[in-house]
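Down below is the structure, laid out as structure tokens.
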Amino acid sequence: MTELTWETFRQSISDYVGIEVSEIQQETDVFEDLCLDSLGLFGLGAHITDTFKRNVPISSVAALSKIGDLYTLLKEQGVPQED
């Protein structure tokens, strides 16, 4: 399991969308800045869940658009997956 820090989270987002880590900030918008649609957001959620082994309700993720809010949700409400 990868440790969940802001830097590892940014790197994971960068790996998924293919942009430089430096372009990913707290206020980065998933839809406008990363050009993801709802299906892309779902895929990003699956990627993050797999990387950090934490589950969050998909309904909570769907209501977010800022990367910083997604990080906070995962950090504060993410439930570790059991092996």
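Check ASP37, ASP33 and return the single one that is surrounded by 13 or more Cβ atoms within 10 Å (Cβ to Cβ) and not hydroxyl-bearing (Ser, Thr, Tyr).
Values: ASP37 fails: surrounded by 13 or more Cβ atoms within 10 Å (Cβ to Cβ).
Step by step, each of ASP37, ASP33 is checked, and only ASP33 is surrounded by 13 or more Cβ atoms within 10 Å (Cβ to Cβ) and not hydroxyl-bearing (Ser, Thr, Tyr).
Out of all the residues in segment 4-59, which are without any contact (Cβ under 8 Å) to a residue 40 or more places away in the chain, of a type outside the set (A, V, I, L, M) and outside any helix (DSSP H, G or I)?
Within segment 4-59, THR5, GLY18, GLU20, ASP29, PHE31, GLU32, ASP33, CYS35, ASP37, ASN55, PRO57 meet the criteria.
Quick one: is GLU82 at negative phi, modelled with pLDDT under 95 and assigned to a loop (DSSP other than H, G, I, E, B)?
Working: at negative phi: yes; modelled with pLDDT under 95: yes; assigned to a loop (DSSP other than H, G, I, E, B): yes.
In short, yes.
Quick one: PRO57 ticks every box in (1) open to solvent by 80 Å² or more (accessible area, probe 1.4 Å); (2) at pLDDT below 85 bar one, so which box is it?
So PRO57 meets the others, but not (1).
Can ILE67 be described as farther than 14 Å from GLU3 by Cα and modelled with pLDDT of 85 or more? Lay out the reasoning, then the answer.
Numbers: farther than 14 Å from GLU3 by Cα: yes; modelled with pLDDT of 85 or more: yes.
When the stated conditions are applied, ILE67 passes them.
The values are calculated or read from the model by the stated rules, or taken from the named source; none is laboratory data. Everything numeric in this text was worked out from a predicted model, so none of it was measured. Here Cβ is always computed from backbone atoms with ideal geometry, including for glycine, and neighbour counts include all displayed protein chains. For the accessible areas, the whole protein counts, side chains as well, though only heavy atoms, and no ligand, DNA or RNA atoms are used. Shrake-Rupley method; radii C 1.70, N 1.55, O 1.52, S 1.80 Å.
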